[in-house]
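> Sharing a structure, written as structure tokens. Questions coming.
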Amino acid sequence: MKIYNTLNARKEELVPIREGKIGMYVCGPTVYNLIHIGNARPMIVFDTFRRYLEYKGFDVTYVSNFTDVDDKIIKRAIEEESTAREVAEKYIEECKKDMAALNIRPATVAPQATKEIEGMQEMIQTLIDRGYAYVKNGTVYYRTRKFKGYGKLSKKNLDDMQSGHRDIKVTGEEEKEDPADFVLWKPKKEGEPFWTSPWSDGRPGWHIECSVMAKRYLGDTIDIHAGGEDLIFPHHENEIAQSEAANDAPFAHYWMHNAFLNIDGSKMSKSAGNFFTVRDIIAKYDPQVLRFFMLSAHYRSPLNFSDTLMDSAKSGLDRIRNAASNLDYILANPGNRSESAAEGENPEFAVPFIEKFENAMDDDCNTADAIAAVFELVREINSTVTDQSSVAYVKAAKNALETLCSVLGIILEEEKEDLDSEVEALIEERQAARKAKNFQRADEIRSQLDQMGIVLEDTREGVKWHRK
Ligand code: AMP
Ligand code: ZN
């Protein structure tokens, strides 16, 4: 399996540190608001990658954090007349609900920064002891220039950056030894949450959180570190500088970065205000449509959000779901068809499609091509499976479809529940009306169902229905 490694700017064979095992760290959201669909992109693509690794037999430890102490959280707490802790806890819960709706599996460990302060203080102390950090008026800074590999991920050169920095003066900048130095620990301001430390009552910088949580749950060197491409610099570059200076070991062998979800051609972001929350979108669409939409592009390609693309994701997903529900129907009504494959039927027929799917996923997690392979399988199923097909053949079709969709994290069953029973009751009433030759009532019900987006099909086996 090959993945694109930002560190070496090329696709590379994935070779785990320990055979059969993968340790993976994905930077999680800062929890001060409901997550937007841009934040959902890394969650969905890396969850899918994790599922594929597991499908290939790897034992995956997947760590994804919540950043629960941050200026934005504190600001939000003031606005909501609440505390930073309450704000963070509330939005962690809301984020977990959105993740569940999108079928994003919970991480093996989902650490919270505020619960890892001790480890952060230890790493900061190590960096001070090793000469990689210094204290000025209660603030601890990282001595960027001392770390020889600085810039290796983002391909930035400290001297070029320096010339850009020269005229910028921000608060605290004058006490730094060098403008490229960044904060590891900062003193509290009035009313802010804080922890006592040898340097000041204060809180950690953002970058140190991930270095420490990755080390605690995955060790000094991890297989894969992932996140959105906006994190390459400075966040991931700084994580490398901290971790490698403190641990004397390479930090991550592979770095994976997803491209942005855009809207009207620019990055969707909370600060720019051009965002839709996951909640907004799943009020309009089945959450599986959003997941399917995200996977319809390669994770390293920018993806523009639009109703048109969502509608085409919906019809694509419906095509797959209709094929699956037809197979279910045929399996539930076997009649007197044979158990084993009939003449001319090859129960291994799905193998080439599965191989195509795997080849796409092995090529840097190309979900777009993997979905194309699923569509080809659907086409084959639709043109070869009939109500006369043997049980073995139909089962092979269903298993293949189910397996590939579960790697993508796509749930084949639609959200049914209440609507289902309402639809089924109406269909029954329509059947009764037809039996009683009350065609007017039967037509009324058909158009009522039509308005609900339900399509009826009168087949030899009875009435079948699906959503438009
Ligand atoms: P944040 O809450 O801003 O720290 O972001 C959490 C994760 O979402 C990070 O991995 C970001 O890179 C990612 N992210 C934020 N906005 C977008 C976007 N518009 N498209 C793709 N990823 C994004
Ligand atoms: Zn991070």
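The values are calculated or read from the model by the stated rules, or taken from the named source; none is laboratory data. Bear in mind the structure is a predicted one, so any value in this text is a computation, not a measurement. Every residue, glycine as well, gets a Cβ built from its backbone with ideal geometry; the counts of neighbours run over all protein chains shown. Accessible surface areas use protein heavy atoms only, side chains included; no ligands, DNA or RNA. Shrake-Rupley method; radii C 1.70, N 1.55, O 1.52, S 1.80 Å.
> Note down the relative contact order for the chain as a percent, whole number, built from C-alpha pairs under 8 angstrom at least six residues apart.
Reported relative contact order: 16 percent.
> Note down the Stokes-Einstein diffusion coefficient of segment 319-468 in µm²/s, whole number, using a Kirkwood radius over alpha carbon pairs, 4 °C, and 1.567 mPa s.
On the way: Rh = 17.2 Å.
The calculation lands on 75 µm²/s.
> Related question: Between Asp230 and Ala100, what is the label-point separation in nm under the 7 Å Cα-to-beta-carbon projection?
The answer from the label model is 2.8 nm.
> Local charge sum around Pro198 (other residues, Cβ-Cβ under 12 Å, Lys/Arg +1, Asp/Glu -1)?
Values: positive: none; negative: Glu122, Asp129, Asp201.
Within the 12 Å Cβ shell, the charges total -3.
> Roughly how big is segment 307-408's charge dipole about its Cα centre, with Cβ charges of +1 (Lys, Arg) and -1 (Asp, Glu), in debye to the nearest 20?
Its charge dipole is roughly 420 debye.
> Same structure again: Tally Lys/Arg at +1 and Asp/Glu at -1 over every other residue whose Cβ is under 14 Å from the Cβ of Leu377; what's the total?
Numbers: positive: Arg319, Arg321, Lys356, Arg379, Lys398; negative: Glu348, Glu355, Glu358, Asp369, Glu376, Glu380, Glu402.
Here the count lands on -2.
> Using +1 on the beta carbon of Lys and Arg, -1 on that of Asp and Glu, and nothing else charged, what's the dipole of segment 421-467 about the Cα centre, debye to 20?
Approximately 200 debye in magnitude.
> So how far apart, in nm, are the two label points at Glu86 and His466 if each is 7 Å from Cα heading toward Cβ?
Modelled inter-label distance: 4.9 nm.
> To continue, here is another question. Using a 10 angstrom Cβ neighbour count of at most 14 plus a DSSP loop assignment to flag exposed GluC sites (Glu not before Pro), which longest range of the chain is free of such sites?
On the way: sites that count: Glu19, Glu80, Glu81, Glu177, Glu190, Glu339, Glu343, Glu348, Glu413, Glu415, Glu461.
The reported range is 191-338.
> Kindly point out which whole DSSP H helices in the chain project their C-alpha atoms 27 angstrom or further along the helix axis while averaging a Kyte-Doolittle hydropathy of -1.0 or above. Present the calculation step by step, with values, prior to reporting the outcome.
Working: long enough: 307-332 (36 Å, -0.21); 417-435 (28 Å, -1.05).
Going by DSSP H runs, the hits are 307-332.
> Now, a different point. For the chain, build the charge dipole from Cβ charges (+1 Lys, Arg; -1 Asp, Glu) around the Cα centre, then report which of Leu412, Phe439, Leu449 sits farthest towards its positive end.
The residue sitting most towards the positive pole is Leu412.
> Can you find, among Ile282, Ile240, Gly228, the residue sitting farthest towards the positive end of the charge dipole of segment 226-292, where Lys and Arg contribute +1 and Asp and Glu -1 at Cβ?
Projecting each Cα onto the dipole axis, the largest value belongs to Ile282.
> Can you give me the accessible area per residue for the chain, using a 1.4 Å probe, in Å²? Don't jump to the answer; show the numbers that get you there.
On the way: 21580 Å² over 468 residues.
Dividing the accessible area of the chain by its residue count gives 46 Å².
> Would you mind telling me the share, in percent, of accessible area of segment 4-140 contributed by carbon and sulfur at probe 1.4 angstrom?
On the way: 2770 of 5820 Å².
The C+S portion of the solvent-accessible surface of segment 4-140 is 48 percent.
> As a test of the formula, what do you get for the chain when each DSSP H run with n ≥ 4 contributes -39,500 (n - 2.57) and the sum is divided by the residue count, at 222 nm and rounded to the nearest 500 deg cm²/dmol? Please list the in-between numbers first.
Working: 15 runs with 213 residues, N = 468.
The helix contribution divided over the chain gives -14500 deg cm²/dmol.
> Please compute, over every Cα-Cα pair in segment 269-330, the percentage with a separation greater than 20 angstrom. Present the calculation step by step, with values, prior to reporting the outcome.
Values: 692 of 1891 pairs.
Of the Cα pairs, 37 percent sit more than 20 Å apart.
> Excluding residues fewer than 8 places away in the same chain, name every one of the lysines whose C-alpha is closer than 19 Å to that of Lys215.
Lys21, Lys115
> Let me ask something else about it. Considering every pair of different Cα atoms, what Kirkwood radius, in Å, is found for segment 38-99? Kindly include the intermediate steps, with their values, before the conclusion.
On the way: mean 1/r = 0.0735 Å⁻¹.
Across segment 38-99, the inverse of the average 1/r is 13.6 Å.
> Just check segment 1-151 against the gyration tensor rule for me: Cα atoms, a ≥ b ≥ c as the square roots of the eigenvalues, rounded for a/c under 1.5, and otherwise prolate or oblate depending on whether a/b exceeds b/c.
Working: a/c = 2.16, a/b = 1.10, b/c = 1.96.
Cα axes put segment 1-151 in the oblate bin.
> In nm, to one decimal, how far is the modelled label at Val15 from the one at Glu376, with both set 7 Å along Cα→Cβ?
3.1 nm
> For Cα pairs less than 8 Å apart in space and 6+ apart in sequence, what is the mean separation divided by the residue count of segment 2-258, i.e. the relative contact order in percent?
On the way: 407 pairs, mean separation 60.5, N = 257.
Averaging sequence separation for qualifying contacts and normalising by length gives 24 percent for segment 2-258.
> Another question, then. Mind jotting down the three principal axis lengths of the chain based on Cα atoms? Whole angstrom, largest first.
88, 50, 36
> For every other residue with a beta carbon closer than 12 angstrom to the beta carbon of Ala77, add +1 if it is Lys or Arg and -1 if Asp or Glu, then tell me the sum.
On the way: positive: Lys72, Lys75, Arg76, Arg85, Lys90; negative: Asp68, Asp70, Asp71, Glu79, Glu80, Glu81, Glu86, Glu89, Glu192.
Here the charged neighbours net out to -4.
> Return the FRET efficiency for the residue pair Leu331, Lys435: r is the Cβ-Cβ distance, R0 is 25 Å, and the value is rounded to the nearest 0.05.
On the way: r = 28 Å, r/R0 = 1.10.
Here the calculated transfer efficiency is 0.35.
> Note down the magnitude of the dipole of the chain about its Cα centre, charges +1 on Lys and Arg C-beta and -1 on Asp and Glu C-beta and zero elsewhere, to the nearest 20 debye. Provide the component values of the computation, followed by the final result.
Values: 61 positive and 79 negative charges, 103 e Å.
With only Lys, Arg, Asp and Glu charged at Cβ, the dipole is about 500 debye.
> Once the dipole of the chain is set up with Lys and Arg at +1 and Asp and Glu at -1 on Cβ about the Cα centre, which of Ala313, Thr196, Asn65 lies farthest towards its positive end?
Result: Thr196, furthest along the dipole toward the positive end.
> Another question, if that's okay. Could you name the lysines whose alpha carbon sits less than 18 Å from that of Lys155, not counting residues in the same chain fewer than 8 places away?
Leaving aside lysines fewer than 8 places away in the same chain, those within reach of Lys155 are Lys11, Lys146.
> Can I ask one more? In whole angstrom, note down how far apart the Cα centers of segment 129-147 and segment 416-458 are.
72 Å
> What shape does segment 307-408 take by its C-alpha gyration tensor, where a ≥ b ≥ c are the square roots of the eigenvalues and a/c under 1.5 counts as rounded, a/b above b/c as prolate, and the rest as oblate? Intermediate results must be reported in sequence, preceding the final value.
Numbers: a/c = 2.77, a/b = 1.57, b/c = 1.76.
The shape class here is oblate.
> Taking loop as defined by DSSP and a crowding limit of 15 other beta carbons within 10 Å, which trypsin sites (Lys or Arg not before Pro) in segment 400-463 fit? The partial results should precede the final answer.
Values: sites: Lys416, Arg430, Arg434, Lys435, Lys437, Arg441, Arg446, Arg460; in loops: Lys416, Lys437, Arg460.
Loop-located and lightly packed - Lys416, Lys437, Arg460.
> Here is a further query. If you build the convex hull over the alpha carbons only and average its shadow over all orientations, what do you get for segment 241-365? Give it in nm² to one decimal. If you can, show how the numbers build up before the last one.
Numbers: hull surface 54.6 nm².
Its Cα hull, projected and averaged over all orientations, spans 13.6 nm².
> Run down the lysines and flag those whose C-alpha is under 26 Å from the C-alpha of Lys398, throwing out any fewer than 8 positions away in its chain.
Straight-line reach from Lys398, under 26 Å: Lys56, Lys314, Lys356, Lys416, Lys464, Lys468.
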